[in-house]
Structure formats: structure tokens, C-alpha cells
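The values are calculated or read from the model by the stated rules, or taken from the named source; none is laboratory data. All of these numbers come straight from a predicted model, not from anything done at the bench. Here the Cβ positions follow ideal geometry from the backbone for every residue, glycine too, while neighbour counts run over all protein chains shown. Ligands, DNA and RNA are stripped out before the accessible areas are found, and what is left, the full protein with its side chains, is counted by its heavy atoms. Shrake-Rupley method; radii C 1.70, N 1.55, O 1.52, S 1.80 Å.
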Amino acid sequence: MKLLSETEAMTRFALALPALLATLPVAHAGTLDLRLVDAAGRPVPDAVVTIRPDAGVPRGPIRFPWGTTMTQQDIAFNPRVLIVPVGATVAFPNRDKVRHHVYSFSKPARFEIKLYGRDETRSYTFKTPGAVAIGCNIHDAMNGYIKVVDTPFAAKSDAQGLARIAGASGAATVTIWHPRMKAKDNQVTMRVPLDATGTVSRRVALALR
Amino acid sequence: MRPAIRRGWTLDPRRSLSARLTLVYAALFALAAALILLGARWGIERYAERAINAEMQAGAKAFGRVTAMRYAQLGDAGRVLASDFGFRAAVATGDAPTIGSALASLKRRFDLEQAFVVDIDGQVTGFDGQLSEGKGDRLLGALDGGVDRGVLRSGGRVYNAAAAPIETPMLLGWVVFAKEIDAAEMRELGRLTSMDLHPAIVPVADLPAGTTLDARDAKVIARDGERILLRASPVPVFGGRTPLALTLEYSLTAALAGYQPMLWSLLGFGLLGVAIAALGSHVVAQRITRPIKALDAAARRVSAGESAQVPVETRDELGRLAGSFNRMVVAIEDREQRIAHMAFHDSLTGLANRALLREHVARLLARGQGFALLCLDLDNFKVVNDTLGHPTGDALLCEIARRLQAACPDAFIARLGGDEFALVAEESARTPDRLGRDLLAAISAPATVNGHRVVPGTSIGIAIAPHDGANATDLQKNADLALYRAKREGKGGLRFFESAMDEEAQKRRQMELDLHDAMREGQLFLMFQPLFDLGKGRVSAFEALMRWQHPERGLISPVDFIPLAEDTGLIVPMGAWAIREACRAARQWPDHVRVAVNVSAVQFRNPGLNTVVMQALAESGLAPDRLELEITESLFIDNVEGVLASLHSLRALGVRVALDDFGTGYSSLSYLRSFPFDKIKIDRSFIIDLLSSDGATAIIKSITTLADALGMETTAEGVENVGQLDILREQGCSHIQGFYFSRPLPEGAIAELFAEERARAAA
């Protein structure tokens, strides 16, 4: 496994961070900016970045602003990649006129929602963190991914390959997952010392299939 | 010995034109045939190579298409399996038995040798057999690298393999279907092309050195004594490290073997062609050289002296050569005959010449036949030539030839040259004597030639064979001797040869030889007979007389040797010697005493006489008027003008000229008028008669009177007694010479004579 990174900025107070983080409110924590590119330098969208600070994740339920719904529309999953916290129940509403047969053979969640029609909504509760590949048995071309995470620090890269996560601080393990990642479990990890306040920006080149 | 004429043909090209031509043409044809053969072989080889190359290119394309189809089939089959929900579920859940059974089922259905799954971790499931270490990772690497089909090698087997991804929808791995490329498969491939190109898949490293992949033209390699065209094109390798190539090969040797019969037959026909060319050119060469050989043979016959003609068969160069040759032979024969005729005939009269006569005589003698040889010599022919000219002389000779032929038509007649003729008469009714007289009569008839009337005459000498000569030379010599005798005895007669003639002739010849020696060895000497001046009563001159003291025969009379010297021309040097010797002797004498020297007709006509006289005078210092040259009347027989001119030129030197033997022969008073001789010597015949005949005295009287009148002296020769002396003195003769006064004296005695004379005068 190879991780390519380049440092754009580095704080002078890296050693004092853990103590600081413990006293400061979350809102005051630092921000991680990752710019993800493939081997050719093109931006990689739909990659999931998660941060697990060495100090541990905050207690309490995890909520993400993008909700827990994966719609089937125009013979495609929307969003294609959905990040949900552990225990979340994801709804699979069918907005197409055709029927779909959603399935997953992924280890964290093996399930099958057989042939349901338009405006029908089915749901599944994801109890194990991990990546779940979702397909439709009728339409091979349809694929979607649900990343079940147990950290609030998670984000999906946008069309520019940009993923921004705020609130985490201190030394942390940053994991980057992508369905076409040429790596075990389709993900790579890296150690990143996060600032208490400032922004740590990284450009990460990913090896994709 | 005539050399044998070479016939037929010889194998030695240096000696036979036809062999050379045959060889050259056969060699040329052989060369052409060889070139054709080589060209055909080369062309066939190129053609075969091109054909094989084209077939290989087509084959490679076909194999590519077939393989692509095969990969598509395998890939399709794989995709069918990979998209099966149950199979995907099995793979996702790692349900190996299910996977295995599904693969086995598909393998059977598609009649495949291998069907297996390579998962995303490089794990291989379902491979039939043992995979080598790291093979899974290599396969994964290849698949990750986007290679999803190609040639798979494992366990010594080679497969065509194609992979299809298993997605759920995340990629879980690949299902790989492989069809073994076994011998049968290869055979199947091989059948795709019209010629079996023995397709094979080999590692690129195993290719023969220098093989270029996908080269436009196949490479020629040698293997097991065969030449093989090899073409290699790369094949995609699936999950392997060894680059592989598809090889196509075809034996050029085998391909060319198909043309071998053609080349053999080409060679066969070429050899046949060479044989035909050799035979044909031989025939042509023979045809060309046959006339040449005929010419050669004919030329040999001609050079051997035979007559030969060659047939003219063609109108080409050789035919023309043959014609020219024939004309040349005819011309040569013609010329030979003319030359032979000229060699044996007289060009003027057409009669045989001396050589032919000789041959004829020899032939008759050899036959033992008796015959008469008559030699003729025209009398006074020289006069005709000199007075009437040579054309008339020649015409007369022709007339004589005609007369001889007319008089004796059966005889063999020859002209020996000049005015000499010869006639050979074989035994006939006429005796030689009769024949001779008939000839004399025939020739002496007056003739008119070139408008001149001429009366010819001839003398004839006859020799009878075989009595008068055993060979042609002797016979002719003897006939000549007889002729000589006839001439001497007066012209217009005939004489038979007698053996005495021969003896005389021998003697003459011996004397002639001796005379030569005499000149050289000083056997000649002069005697001097005094001439007495009756008026002054003293010796006035001496006549020099030549003597010959022969070492064996003693003293020889001038009568015997002077005519011989005149005949042989020896008289000229002898006379010159005499003049010089006389002058030398006279130098010792008193100044009033002259010396008289006889000059013969032959010597006189010699143009060197004046020179001789001048030299003698100069050498001796003698006064010219003390030398007196005595000439005879016979000089005046012919060419009077010339004689007179010579006399005047002598006189111009200052010497005296006396007319000797006056009164004999052609004495003519006109000479005396024409030339003022200093002295006339009265011939001794008149003196002998003096005492017995009165007429003689009258003649002496008239001569002396005439001489006085012309201012000439007179000398009487041969005075032997006092009676003669008295008469001569009476008749007015001024000088006498003779035994009465003195015999001829040797030079040494002359001084004595002068001494006596002086004594007498003193007394």
C-alpha cells in the first residue's frame, strides 16, 4: 500500500494539541481539507473520508446533515455514495417506474429487498460499520454504496475531489475509502496531526482500479 | 610422297573448323540452357517465397480472427456466469463448493479445460490442476492492469483464456474461462489455411536468432537440411512473464520439391537441346567445311602438279571461292603451258629451242633409234641484220623456218638462237646427204622479206646418231664441228662429221687453254725483222713479230696460234702487250728506226685500241711517228666508214699506219684514196713471182708508181734473193724486208746489227 501526500501547512504547536483539545469545545476544533486525485491527477469524487482521533470520538448519537435515504431514480442510486452512522436505518424509496431488486452481498450487511415498485419504500438498518455495496439484481449497471461509520468525522468528496471535515483535533487516523480503491477493503489510512483551530490541507493521490 | 588428305572430322578443335564451330555452338546453347534453368529456379523460389509469405500473412490474420472469436466466446461465457446472481452470491459469501460446482457445470457446458475464479486478493478458486507459485498474483496483476484475455501457460499446457469481472456491484474478482490450445486445436487452426503452416505458440526467447516479430517477410532458416520459412507474430500473454509468439512455418524445400520435376525436365530438355545444338551445328559446320575440305584436297592435288576442279554447289561465299579456285587452276595451267612452251620454244619462229632439241635428241637416243642431226648456220646473216635492220633479219629467220618446215615436214626443227637452226630427221626414204642438199637448195632460193630481195645461204653440219655421239651433248657438238668445217671450207656447203674433226677440235681447245697460260706466264715474246731503206742504205724499221715458246711443244708458229687468239678474243690483250713491248724495245734504237706492229681485225675493232697506243707511247717515251701500225685489207670487208674513222683517230695520235699484205683479198684502190696510208706493204706472193713472171714486175711497178703519186712509202715483203732485190730496186720500191736481208732477230741481236751498220758506214 502506498500513500502519497504532500504538506501544504503545518502548525508550530502540534505537540500541545492533545491537551488543548480536551478543554476546548468541539466547535473550536480544527478542520481537515483533503483534495483527492487519482494517479492521473484527476479529482476523485465519491470517496469517503473518516477521521478517528487518537483521543477517541465524542460520545452521543451521530447525525449527518445529508440524511439516510438512498433513492432509486432513473435506474440509479441517489446518492451513489451515502454515509450513515452505525444503527441508522436507510430508506430505499423507488422513484422509477420500473421495479428494483436491491441487494447487498457485503459482509457488514447482507440483505435483499426483492422487487418493489414505484413509490414503495423499503428500509434496512445497518448495525455494523463498514462499506456495503448495493446493487440491483434487475439492473446490473446500478450500483450504490453505503458507508456505515462509527465516527462523526466523515465526509464525501465532491466533484472537485474535495472533502472537508471540521471538528476533529489532535493526532488522528484518517481513512479514505472508495469503491474502486486498489487496496484491501477498498480503503487506505493515514496518520494526520490535526490542529486545534487551523486547517490541515492535504492532497492525496489515490490508486484506483 | 603426297600427304594423305585428312577426311571426316577430327576432335581436335585446333585442327578442325567444324569441331570448333560445334563446340562453340554447343557451349553457347549450354550456357543459355543453364541460364534459363537458373532463372527458372530463381523465379520459382521467389514465387514460392512470395506465395508462402502471402499465405502466412493471410494465415496470421485468419488465426487472429479465430482467436479473437475464441476470446469473445470465452469472455461471453464468463460474463454469463459472472452476472449470475447466485454465482455472485456464492462468490461474495466465499461459498467455495457452490463456486466450484458452478464452474464445473459451465466448463462442461462449454467444453472448456479450465474455469476458475481469481478474487480481488489474488486467490484462485476452481483451477483444475496445480498453479505455480505467485501465479494468482500475476493473474491479478494482469487483470488489474486491464488485461482480460490472452494466452495462459500453466503446467506445460497452453490455453486461450478470457476473464469476466464479478461485480456485486463492487468488484469481487474475475471468472476466467480457458480453452486449451492442444495439438488438435492447432491442427484445427492449421486447416484454416490452404497450406498447413504448422501454427505453434512458443516463447519468443525460443525463436531462432534474428527472427523479427510481425516481419513483413518470413525469415528463411535451415533446419534438418531443409530451408524453412518462419513467421512469428506476438500473442497477448495472460498472467505470464514469458512473452509468447505464434509461429507459422513452411518448408521452402518441400515447396520447391513440387517444382523439382519441372526443373529436372527443364534440365533434361536443356541437355537434349545442347545435344541437338551440337548435332545441328556439327551438321552445319560439316556442310560449311565440306567445300573447304574439297578445296583443300583440290589445292593439294594442284600443288602436286595435277589438274583439279571442285564442284560449285552453292552461290554463297564458299561457292564463289570454289569458282575462283577453279578459274585460278585453269589460269595456272594455262600459264604453265605458256611458260612451258616458252621454255621449250623460240618466241620468234615458234620452233623448238635448244633445250627441247636436246630433250628430243636424248629421247631418240634413249630409244636406240638412228637419226640424223643437221645443224644449220645462215651465211652472212649478220650483213642482212646490219644493212637491212633487225626486223628484216627476224623476218628472214621466220622465212627460213617456214622453208625448213616445208622442205622437211616430218623432221623435228629447232632454232638454236641467232641464225642457227637444227633439224632432226629420223630414218626415211631420204638419206641425210640428200636431205642436206634439199635443204641447201630450199634455203638458197631468193626471198623477198620486208620488200628487200635477199639471197640467203646456209652451211650444214651433219652428225649421225648413234654413231657420232652416244649422248645429246656429243652429238650436237659433233654436228657443230661439222658445221664449223663446212663454214671454213667455204659457205653454202654441207659436211658430215668425221672423228678427225673432233681430234682437231680437241687440239684447238688445248691450245686455247695453253694460250691463256702463255699470256700469264710470259711464254710470248717478240722477234724483230728489219726493214731496209734502199734509198738510204740502212735499216729504217723493225716489224715486231709475236712468237710463242710453248713449254712442251717448243716454238709455235703464229700461223697456228694467231687465228685461235683472234677467234677467242685473246688477241686483244696479246696485241696490246705486243704494242707496249714493241714501243719499249724501240726506245733503245736510233731515232730514225721505227717499229711496226701488226694489228689484227679483232684488235682494231676493239674500242680500247687508242688507249692502248697512248699508254704504250707514254710508258716508253717513244715518239709517236716511230710507231707504225700495220693493218690488213680484210678490215674493210664491212663497215668501211667505221674503219676509216678509227684510222683517222689513230693518225691523230701521230702514229703511222701501214697497209699490210697489199694486193691480196679485197684490195681496192678506193681505200688508198680514202685514207692516206704512210706505207704500203706489197704482199710476198708478188715478190715470189718476180723472177718467173713479167706480169709481176709490172704490178710492182704500178704499185710503186701509185704509192709515189700518193706520197706513200712501199715495202716489199719476203725478199729472199738478190734477183728479187734488183728488180725491186729497179721498179722504185723504197724498202725491202725478207730473209735476203735479215731473218727476224731477237731483241738482243738488234744492237749488234746497228754496230755492224755503223762499222759498214765508217768503212
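Points to keep in mind about this one:
- When residues in the stretch B:308-323 are screened for being surrounded by 13 or more Cβ atoms within 10 Å (Cβ to Cβ) and in a helix (DSSP H, G or I), 5 of them pass.
- Residue ranges of helices (runs of 4 or more DSSP H) in the stretch B:371-473 with at least 1 members open to solvent by less than 20 Å² (accessible area, probe 1.4 Å) and more than 19 Å from B:G490 (Cα to Cα): B:390-407, B:432-444
- The single residue among B:A645, B:A696, B:A658 that is open to solvent by 10 Å² or more (accessible area, probe 1.4 Å) and either touching a strand residue (DSSP E or B) at 6+ places or on another chain (Cβ under 7 Å) or small (G, A, S) (or both) turns out to be B:A645.
- Being away from every other protein chain (no Cβ under 14 Å), out of contact with any helix residue (DSSP H, G or I) (no Cβ under 9 Å at 6 or more places or on another chain), of a type in the set (K, R) and assigned to a loop (DSSP other than H, G, I, E, B) is a property that does not hold for B:R108.
- Some residue of the stretch B:672-688 being surrounded by 14 or more Cβ atoms within 10 Å (Cβ to Cβ) and either more than 22 Å from B:I736 (Cα to Cα) or of a type in the set (S, T, Y) (or both): yes
- Of the strands (runs of 3 or more DSSP E) lying entirely inside the stretch A:134-208, those containing at least 3 residues that are away from every other protein chain (no Cβ under 14 Å) and either open to solvent by 40 Å² or more (accessible area, probe 1.4 Å) or of a type in the set (V, I, T) (or both) span A:162-166, A:170-177, A:187-194, A:199-206.
- Scanning the stretch B:486-495 turns up at least one residue that is under 52 Å from the mean Cα position of the chain (by Cα) and either within 22 Å of B:T431 (Cα to Cα) or assigned to a strand (DSSP E or B) (or both).
- Residue within the stretch A:73-81 that is within 14 Å of chain B (Cβ to nearest Cβ), over 24 Å from A:T173 (Cα atoms), among the aliphatic types (A, V, I, L, M) and open to solvent by 20 Å² or more (accessible area, probe 1.4 Å) present: yes
- Unique residue being without any contact (Cβ under 8 Å) to a residue 40 or more places away in the chain and within 30 Å of B:D433 (Cα to Cα) when the list is B:E504, B:E552: B:E504
Residues are listed down the side, and each one gets a yes or a no for (1) in contact with a Lys or Arg (Cβ under 9 Å, 6 or more places away or on another chain); (2) aliphatic (A, V, I, L, M):
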{"site": "B:A299", "(1), (2)": "no, yes"}
{"site": "B:A308", "(1), (2)": "yes, yes"}
{"site": "B:E317", "(1), (2)": "no, no"}
{"site": "B:H341", "(1), (2)": "no, no"}
{"site": "B:L356", "(1), (2)": "no, yes"}
{"site": "B:C375", "(1), (2)": "no, no"}
{"site": "B:T392", "(1), (2)": "no, no"}
{"site": "B:A407", "(1), (2)": "no, yes"}
{"site": "B:I413", "(1), (2)": "no, yes"}
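- Yes/no for B:D196 being part of a loop (DSSP other than H, G, I, E, B), over 29 Å from B:L74 (Cβ atoms) and modelled with pLDDT under 85: no
- Residue selected from the stretch A:99-116 under the condition open to solvent by 10 Å² or more (accessible area, probe 1.4 Å) and of a type outside the set (A, V, I, L, M, F, W, C), by the criterion farthest from the other protein chains (Cβ to nearest Cβ): A:R99
- Which numbered condition B:I120 misses (of (1) touching a helix residue (DSSP H, G or I) at 6+ places or on another chain (Cβ under 7 Å); (2) surrounded by 15 or more Cβ atoms within 10 Å (Cβ to Cβ); (3) within 14 Å of chain A (Cβ to nearest Cβ)): (1)
- Inside the stretch B:143-163, residues that are within 12 Å of chain A (Cβ to nearest Cβ) and outside any helix (DSSP H, G or I) make up a count of 2.
- Number of the condition not met by A:Y124 [criteria: (1) within 14 Å of chain B (Cβ to nearest Cβ); (2) open to solvent by 10 Å² or more (accessible area, probe 1.4 Å); (3) of a type outside the set (D, E, K, R)]: (1)
- For the stretch B:95-105, the set of residues classified as polar (S, T, N, Q) and either part of a loop (DSSP other than H, G, I, E, B) or within 14 Å of chain A (Cβ to nearest Cβ) (or both) consists of B:T98 only.
- Top-ranked residue of the stretch B:69-94 - restricted to ones that are assigned to a helix (DSSP H, G or I) and open to solvent by 50 Å² or more (accessible area, probe 1.4 Å), ranked as nearest to the other protein chains (Cβ to nearest Cβ): B:R79
- When each of B:V599, B:V593 is tested for being farther than 30 Å from B:A763 by Cα and either modelled with pLDDT of 90 or more or open to solvent by 40 Å² or more (accessible area, probe 1.4 Å) (or both), the lone residue that passes is B:V599.
- Options B:G732, B:G718; residue that is of a type outside the set (D, E, K, R) and open to solvent by less than 20 Å² (accessible area, probe 1.4 Å): B:G718
Matching residues to (1) assigned to a helix (DSSP H, G or I); (2) free of Cβ contacts under 8 Å to residues at least 24 places away in the same chain:
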| position | (1), (2) |
| --- | --- |
| B:F636 | yes, no |
| B:E641 | yes, yes |
| B:D660 | no, no |
| B:T664 | no, no |
| B:Y671 | yes, no |
| B:V719 | no, no |
| B:D726 | yes, yes |
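- Pairs meeting the criteria (first residue in the stretch B:270-286 and over 25 Å from B:R41 (Cα atoms), second residue open to solvent by 30 Å² or more (accessible area, probe 1.4 Å), beta carbons under 6 Å, at least 6 apart or on different chains) are B:S281/B:L21; B:S281/B:Y25; B:A285/B:L21.
- Pairs, first of a type in the set (V, I, T) in the stretch B:63-75, second open to solvent by less than 50 Å² (accessible area, probe 1.4 Å), C-beta under 7 Å, six or more apart: B:V66/B:L189; B:T67/B:N160
- Taken together, A:D96, A:D119 contain a single residue that is more than 16 Å from A:W177 (Cα to Cα), buried (at least 16 other Cβ atoms within 10 Å of the Cβ) and acidic (D, E), which is A:D96.
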